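The values are calculated or read from the model by the stated rules, or taken from the named source; none is laboratory data. Every value quoted in this text rests on a predicted model; they were computed, and no experiment measured them. Cβ placement follows ideal geometry from the backbone for every residue including glycine, while neighbour counts extend to all protein chains displayed.
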Amino acid sequence: MPRPALKDGLTKQARYRAAKKAAGLKEVRLWTFDTKDPAFLAQLKREMTAIRESPAETDDIAFVEALTDWPAEDK
């Protein structure tokens, strides 16, 4: 049996957002790159080639690896 319609005038999404806000949460929207976009893939390929052919490749890779290991673990 279907649930009766609510008479608060809100959509399902608006009710969901109101419930989350009442629970003390805040909505955050995050935009990121479309990794399937051909322009993005072409730029990524150019940047990876530039890094690979760089005389400072070892330093560049060490820098990236240091970022991914942040915060640094005590070794």
Quickly run through the range 26-75 and pick out the residues that are exposed (fewer than 10 other Cβ atoms within 10 Å of the Cβ) and closer than 30 Å to A14 by Cβ.
-> K26, E27, V28, R29, L30, W31, T32
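Here is a yes/no grid of residues against (1) within 30 Å of R17 (Cβ to Cβ); (2) at pLDDT 95 or above:
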{"residue": "R29", "(1), (2)": "yes, no"}
{"residue": "D34", "(1), (2)": "yes, yes"}
{"residue": "D37", "(1), (2)": "yes, yes"}
{"residue": "K45", "(1), (2)": "no, yes"}
{"residue": "T49", "(1), (2)": "no, no"}
{"residue": "R52", "(1), (2)": "no, no"}
{"residue": "A56", "(1), (2)": "no, no"}
{"residue": "I61", "(1), (2)": "no, no"}
{"residue": "L67", "(1), (2)": "no, no"}
Count of residues meeting criterion [at pLDDT below 95 and outside any helix (DSSP H, G or I)] in the range 14-25 | 0
